[in-house]
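Let me begin by presenting the structure, written as structure tokens, before commenting on it.
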Amino acid sequence: MSTPLSRRRTTRVTAALAAVGVAATAAGLVGAPGPAGASSHREAPLIAGDPAVDNTDVYAFVSPDHQDTVTLIANFAPFSEPNGGPNFYPFATDARYDINVDNDGDAKADLTYRFTFQTEDKRGKATFLYNNGVVTTLDDENLLFRQYYTLEVVDQHGNAKKLVQRGKVAPSDTGPKSMPDYGALRDQAITAVPGGARAFVGQSDDPFFLDLRVFDLLYGADLSEVGQDTLRGYNANTIALQVPKNWLALKGDAKRNPVIGVWSDTERRSMELSPGKYRAHGDWVQVSRLGNPLVNEVVVPAALKDAFNSLTPDQDAKVKELVDRVTAPEVPQLIEQLYKIPAPKGKRDDLVEIFLTGITTKLGGPIKADLNSQLNNADVNPKRFVPSEQLRLNMGVAVSGDQNRLGVLAKDNQGFPNGRRLTDDVVDIGLQALEGAAVNGVVEGLAAGDKVDANENAFGKQFPYVALPNNTAVNAGGGAVAIKPTAGESMPTAPLWGGLLAVLLIGGGFWVFRNRARQTASPTE
């Protein structure tokens, strides 16, 4: 049986990874410290057509302001353009949204936090508008479309316990005239969970930052296509959960068993279509899955991407084609062809540690450190350990006072790949990891990465930490605009009424809206 991670061992981790960190600094990789940093957007053919249940990112980190807790965040609905009405971006009501935790290393969920949704749509045949006046509270009568959720925790035996019944979802931000203080709506959507946990569900700025032109022959074949944040201005749907560490730890003891594995998934049932409607029926089927960022994007080949989304982690090691893609990844070969930077030689056991087992000396791998494998938990049975793709977090690593976007590469062991914070620059870290930086040091020729080093919007210092959603068009530069309503002012005019088609469509809905808007007092008046 393994021994618990102790302070002495944590020191060893720092020492063992220091060489990489020093190399990163020397190469100019280490940027200015930032607050606590990002993927899987439309990465597989099937899920690309079902954005409501498309996992985009998973984050897991010790909460910086409540260090006895861990914050788990799962995002969905990629590339949500802020002006995407009239339906905007609801959660699917015929799906399950799960955040899974494996604390004993058998690659099976010991805990599943399951969110399911219900919709209350008051629009009916009266209007197409999402809201017909200024919305100041989640119960505001002007908000015509709202959602609620049920949160359950399911144990490894399938036993479910309800934690939240009819939790309120923060709505899609339809614009500054409709929702002049979206932050207040956000705050109202934070729900206390009995026992000391909290939950938030709603829209947010997509916290992932990167230049996606990696697909244009890896940044233009000459590193000219870098420095553009592809996700700037887009939103996502967020599920965030902050729970005490001991809830997540094996045997409820986060001191003896501080390491957990985390992944999210979504499940749907079969869909029966008929004109103008559908019916979900049959067994639940997993349609999306996400642990470490970028795995299904740039590690898994196109023909296996849908299959990967259907697998549970305990199946990973049985699929030779997937394991081969980790031990012989494609990206270093492409970089060698394009940039004449030699790919690491031989079987990539370093990547097996980073993606499949967690970093540990107990398996004799090339990274001489004990950081974030469940094998480092005191009460784990090593005979039951199963390599699998998960985002692994050592909850015993203290919150960094001086957080660095490059995480472990910059000696900040609280960052990726030890869990993932919102500010972790996982593209630059992942690129260096694929090039062998964990054992050979940073590749200086790629040290600048994609030159997108931070999110365009600042993250919060309190739960749920994600930035407020953008409320202006992406093709106008994105961002959030706050407008103070004036007395008697109604809804936005030019964008809404700018075309003849809009006028024709509005009809009776416009009449209803105007009359309600006149009766609605602004919160700032």
Just checking, does the stretch 264-272 include any residue being farther than 16 Å from ALA95 by Cβ, open to solvent by less than 40 Å² (accessible area, probe 1.4 Å) and either under 26 Å from the mean Cα position of the chain (by Cα) or modelled with pLDDT of 95 or more (or both)? no
Would the stretch 286-304 turn up any residue that is buried (at least 24 other Cβ atoms within 10 Å of the Cβ) and more than 20 Å from ASN55 (Cβ to Cβ)? no
Looking at ASP155, ASP140, ASP222, which one is surrounded by fewer than 20 Cβ atoms within 10 Å (Cβ to Cβ) and closer than 27 Å to VAL427 by Cα? ASP222
Criterion first (touching a Phe, Trp or Tyr at 6+ places or on another chain (Cβ under 6 Å), among the charged types (D, E, K, R) and surrounded by fewer than 24 Cβ atoms within 10 Å (Cβ to Cβ)) does ASP229 satisfy it? yes
Check on ARG123, modelled with pLDDT of 95 or more, under 21 Å from ALA197 (Cα atoms), open to solvent by 10 Å² or more (accessible area, probe 1.4 Å) and of a type in the set (D, E, K, R): no
If you scan the stretch 439-452, which residues turn out to be crowded, with 21+ Cβ neighbours inside 10 Å and within 24 Å of the chain's Cα centre (by Cα)? GLY449, ASP450, VAL452
So ASN372 passes all but one of these: (1) surrounded by fewer than 24 Cβ atoms within 10 Å (Cβ to Cβ); (2) closer than 26 Å to LYS320 by Cβ. Which condition number does it fail? (1)
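The values are calculated or read from the model by the stated rules, or taken from the named source; none is laboratory data. What you see is a predicted model; the values in this text were computed from it and never measured. Virtual Cβ from ideal backbone geometry, glycine too; neighbours counted across all protein chains shown. Calculation scope for accessible area: heavy atoms of the full protein, side chains included, ligands and nucleic acids excluded. Shrake-Rupley method; radii C 1.70, N 1.55, O 1.52, S 1.80 Å.
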